[in-house]
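Here the structure comes first, spelled out in structure tokens, and everything after it is commentary.
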Amino acid sequence: MSGNTTVSQAQAAVNDLRLIADARVFPVLLETTLFAFFTVLTIYFVWQRWNHYTHKPLVKPMLSLAMCLYILAAASWAIDIRILWKEMYVLLPARLAASASSKFDPTLTNSNGAPLFAQAVLLRLIWFISDCISLWRAYAILGRPRWLWVLSVTILFLEAGVYILDIVLISATRLPNPPASLTRLIQEHSSPVTLVQTLATSFTAAVLAVSTLLIGYKSWIHRLEIRDYVREYEFSRSLAMLAILVESGVVYTSVWVIYAIYNDLPSLDSSFGFYWSTFYMAPLSAMYPTLVVVIVTIRRSVLEYTLNSSSLPTDIAVALGDLEGPNMTGGSDNTMAGPSDAAEDEKRMSKETHRTEIVSQVAPCGDMV
């Protein structure tokens, strides 16, 4: 009898260790890798802002939000490390010493309830701040229209309310002593509770989709406006930056939809996708705004270095937003020009002015991201 008990305990220990590895160890390794990359990215971002904007105040909204997101992601990662340590060095040894009659998964949830609740709050703060940045970026690039301001404020207000309600409901399943009325509400009305969680993730998905579509629309309009002035193989700096915003938005929205599917469908709660998506979403959501800014900055620097306006035709120089491109300053070269040359110069300058007006509508987007 004791031999059978020992075998069953050993098998239970193997199952428990496999559960920890699948649900915690390997996903934490992925999260740690992403967080390490986020750390390097944040250091570079702060250095870049300090090095290139020494004449401006360092405390800027984008820099402050980037540091806030990094701190929130660091706190979430630290909670995961703490939970992993507790499961490996406290709960698993205690499990080996106890009987194998009880399931290990509820033990993990009950023991780590408070840290998991704190992490849930941190994640929703990260998502909300990231959504604010996404909507503000689209609002700035589209020229700050009033209708988009009203729409953004309305969406963020509703999203904040849904996230607060979601946090309250999560507290009933995570905290050790939740209010009895709240616990009874969840037990009796499980479907509305699931609906609130679905609404929370849907709001963020909608924000990402709306901001990406708006920036894509602006990019399309901008390309139509400059295609008559820039040859097909020449790209304006602002158009390249808009393309980066659209492409990164599409990728991040797709990643978010995958996360929402695994977290909103109860049938997938024990799948590998559920475990892994929960861990990669925090660092990705936190680094997304900073990553976009860094990529756009690097891309803009490459364009400025490669397409040096001093050696480019006027068309490309103006498309890049360079108002002091070649042959635009005038001078002694035209002192011997005849009436026909003067007319041609006036016509050319009129076209260049029109190009400048078109490009100037989108060129400032590098400072808005």
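Quick note: the coordinates plus some simple rules give every number you see, no bench work behind them. Computed from a predicted model, the values in this text were never measured in an experiment. All Cβ positions, glycine included, derive from the backbone under ideal geometry; neighbour counts span all protein chains shown.
With 0.36 nm allotted per residue and the present C-alpha distance subtracted, the residue 180-residue 29 stretch has 50.6 nm of extension available.
Within the shell of other residues whose beta carbon sits under 10 angstrom from the beta carbon of residue 211, the net charge comes to 0, with Lys and Arg scored +1 and Asp and Glu -1.
Tally Lys/Arg at +1 and Asp/Glu at -1 over every other residue whose Cβ is under 12 Å from the Cβ of residue 148; what's the total?
Details: positive: 137, 144, 146, 218; negative: none.
Spelling it out: positives minus negatives among the neighbours equals +4.
Between residue 164 and residue 50, residue separation times 0.36 nm minus the direct Cα-Cα distance comes to 37.4 nm.
For segment 123-184, the alpha-carbon coordinates run over 50, 18, 8 Å along the three principal axes, in decreasing order. Near residue 27, once Lys and Arg are set to +1 and Asp and Glu to -1 for all other residues with Cβ below 13 Å from its Cβ, the sum equals -3. Once the chain from residue 150 to residue 250 is taken as fully extended at 0.36 nm per residue, the excess over their C-alpha distance is 33.6 nm.
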